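What follows is one structure encoded as C-alpha cells, with my remarks underneath.
Nothing in this text is a laboratory measurement; each read-out follows from the coordinates by a stated rule. All values reported here derive from a predicted model rather than from experimental measurement. Methodologically, a virtual Cβ is constructed for each residue, glycine included, from the backbone with ideal geometry; neighbour enumeration extends over all protein chains shown.
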Amino acid sequence: MALAELPPLTKIEARGPWGTVESFITSNNKCPAGDFLDHLKTISAKKKDNVKATAYFKFIVLFDQMAKTGQVQRKRFRSEMQGFYAFAHEHRNVQYRFPCFSDGRRWILTHGFAKPGAQEGLGEWPQREIDRAVELRKEYFLRKKLTTKGNP
C-alpha cells in the first residue's frame, strides 16, 4: 500500500488545552478502540440504560477530562505494564479497559476490552490483550515514522 493510500493515523476522541486522547487507526483502516467504544454504546442501547450511567458515557467523560486537565483520578487511569496506561471503569459488574500510551501530549488508545474479575485485583490483563496493545503500539510508531519522514 502506498503511503498516500494509508488511512489517517488516529481519530481524535477528546481535545483540550492539555492535549488530546486519540484512537489509533491501523493500516487496514480498523479502529479497535473506536470500535470498542461503539460496542459499549450499543450494549447500553440494548439494555435501555440511562445515557449518563453507561460505560460509554463514563469513558467519554474520562477522555475529555484527560484532554482538558492532563490528569484523571488514579482509580480511573493508571500505569499498567510495559509502558502502557489504561483508562478504567466498572459498569454492571464488568471492568472495562482502554490501554493507551503517551506520545507527547497525546494519549493514544490502542483498543478496549472487558477485564476478567469484577473486583480490583481479581484477574490481570489476559496475555492476548497485552500482546495486542504491544503490536498496535509498534504499528503506530512505524506508521508515524513513515508519515513524518521527510517532513520538517
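Does the range 12-145 come out rounded, prolate or oblate by the C-alpha gyration tensor, with a ≥ b ≥ c the root eigenvalues, rounded set by a/c under 1.5 and, if not, prolate when a/b is larger than b/c and oblate if not? Taking the square roots of the gyration eigenvalues as a ≥ b ≥ c, the range 12-145 is rounded. Go through K41/K138; K30/K138; K75/K115; K11/K68; K75/K144 and tell me which ones have a Cα-Cα distance over 19 Å in this structure. Listed pairs above 19 Å: K41/K138; K75/K144. Sorted ascending by nearby beta carbons within 10 Å, beginning with the fewest, H39, H91, H111 become H39, H91, H111.
The aspartates and glutamates whose alpha-carbon is closer than 19 Å to the alpha-carbon of K58, local same-chain residues fewer than 8 away aside, are E13, E22, D35, D38, D49, E90, E120.
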